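Notes for the one structure printed next.
Computed from the coordinates by the stated procedures, all read-outs in this text should not be read as laboratory data. Predicted model only: the values in this text are computed from it and were never measured. All Cβ positions, even for glycine, are placed from backbone atoms using ideal geometry, and neighbour counts span all protein chains on display.
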Amino acid sequence: MHQLGTLEDLPQEYRDQLTQKNLVPLWPNMRAVLPPRVPTRKTGTLCWDYQTIRPLLLEAGQLTPMEKAERRVLVLANPGHGLSNMQATPSIYMGLQLILPGETAPNHRHTPNAVRIIVEGEGAFTTVDGEPCRMERGDLILTPAGKWHEHHHEGEGPIVWLDVLDLPLIYQLEGSWAMEGQPQVPSLARDKSFADYSAAGVVPNINFERDTQTAPMLRYPWQKTRACLVEMATHYAEGLLRISYVNPENGKSLFPSIGFGAIMLRPGEVISLPRRTTPCIFHVVEGQGSLSVDQGTALQWVEKDTLSAPGYSDITFSNTNSEAPAFLITADESPLHQYLGIY
Ligand code: 1HN
């Protein structure tokens, strides 16, 4: 690609006239927005280490009462995107949320889609459009766009979960807004949608009015995901052990924006992920190991840590424990990339 003209090549008076008329010459910026073959990536390779974040999160519990926070969250922001923009990847927001025993995060709904991945604690539940969903370690709980949701914690110690939202995308689309609601009166049995939909391939045919764009099953218990990966490992002695979370009605991703999955690393395994266009985040549910991107320095991780890696890169995971498997939940922008034809 040959060198194009720069701004400085243009007379100042001409540049000033353009600016006054809200005009920008393309050619000085052309290479920046269309770099040769590989996009500019602001998403860094990063590990948010839970053991160092946990005391700061608990301190937030003392510094800021629920009434002053509504959602008590420390956001995992990728510095490449600018910390205050609260982006883990271009489209994904992530944060660690703390609820103390007896506290409630009040009812609201909003246009961004959200998933919670439970990190620590028990005895909490999220009520989504009248359905209380239990929250246990590693569970994935959906609050799709527009659904009312509030969180309660009736257990003993603190509860912490990882929120994953498509907020940066919806915000950029000038579509992000919320409304507050009255406390919900549960109208459905606890985990009803799980009971309805968890038998993959056999789904209830009862509600013809349902909006089939929205994933109907709200809770994806970790024990089921883990058992599926462990079972896969008995059939495949090698190759990447990976599953996708899908809408049980149509096999599509849970959200149109973010795709969720889980990976198992066999004891002592070193394995590369297939190269993909989309940046990716990883939450470690179990185990310990390292992550290296494009043969760079290996980042060490342990249980409850959260990591990010850019797209268009070679990602290698090592399970440094030769006795036990490791498990990670993944989130990426593959549904968007597929829809846009850039995957
Ligand atoms: C939200 O609604 C929750 O409901 C958590 O727990 C984090 C971050 C940005 C916007 C909305 C929640 C959020 C959020």
(message) Between SER187 and VAL230, what is 0.36 nm times their sequence separation minus the Cα-Cα distance? Round to one decimal in nm.
(response) 11.9 nm
(request) Find the Cα radius of gyration of region 6-64, compare it with 2.2 N^0.38 Å by division, and give the number to two decimals. (result) 2.18
(message) In 10 Å bins starting at zero, report the fraction of Cα pairs in region 74-168 per bin as a rounded %.
(response) 18, 47, 29, 5
(request) Count the net charge of all other residues whose Cβ sits under 9 Å from the Cβ of SER193, scoring Lys and Arg as +1 and Asp and Glu as -1. (result) -1
(message) Could you give me D for region 105-232, from Stokes-Einstein at 20 °C and 1.002 mPa s, where the hydrodynamic radius is the Kirkwood radius over C-alpha pairs? Units µm² s⁻¹, please.
(response) 137 µm²/s
(request) Please give the direction-averaged projected area of the C-alpha convex hull for region 1-126, in square nanometres with one decimal. (result) 12.9 nm²
(request) Mind sorting ASP211, ASP49 by how few other Cβ atoms lie within 10 Å of their own Cβ, fewest first? (result) ASP211, ASP49
(message) Give me the base-10 log of I(q)/I(0) for region 264-343 at each q in 0.15, 0.24 Å⁻¹, Debye formula, one uniform scatterer per Cα, rounded to two decimals.
(response) -0.51, -1.11
(request) Report, please, the projected area of region 184-264 averaged over directions, based on the convex hull of its C-alpha atoms, in nm². (result) 6.8 nm²
(message) Please compute, for the alpha-carbon atoms of region 151-210, the extent along each of the three principal axes and give them in descending order in Å.
(response) 38, 37, 26
(request) State the volume of the convex hull built on the alpha-carbon positions of the chain, expressed per residue in Å³ and rounded to an integer. (result) 182 Å³
(message) Taking loop as defined by DSSP and a crowding limit of 13 other beta carbons within 10 Å, which trypsin sites (Lys or Arg not before Pro) in region 252-301 fit?
(response) ARG275
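Listing TYR245, TYR171, TYR343, TYR14 from the residue with the fewest other Cβ atoms within 10 Å to the one with the most, what is the order?
So the ranking, lowest neighbour count to highest, is TYR14, TYR343, TYR171, TYR245.
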(request) Sort LEU273, LEU4 so that the residue with the fewest other Cβ atoms within 10 Å of its own Cβ comes first and the one with the most comes last. (result) LEU4, LEU273
(request) Evaluate the distance, in nm, between pseudo-label points positioned 7 Å from the Cα of GLU67 and of GLU249 along their respective Cα→Cβ axes. (result) 4.1 nm
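Within the chain, what is the longest stretch that has no GluC sites (Glu not before Pro) placed in a DSSP loop and near at most 13 other beta-carbon atoms within 10 Å?
239-322
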(message) Considering just Cα atoms, how many Å³ per residue does the convex hull of region 127-174 enclose?
(response) 94 Å³
(message) Modelling each spin label as a point 7 Å along the Cα-to-Cβ direction, I'd like the ASN205/GLU238 distance in nm, to one decimal.
(response) 4.5 nm
(request) Work out, in µm²/s and without decimals, the Stokes-Einstein translational diffusion coefficient of region 251-310 at 37 °C, 0.692 mPa s, Rh from Kirkwood over C-alpha pairs. (result) 250 µm²/s
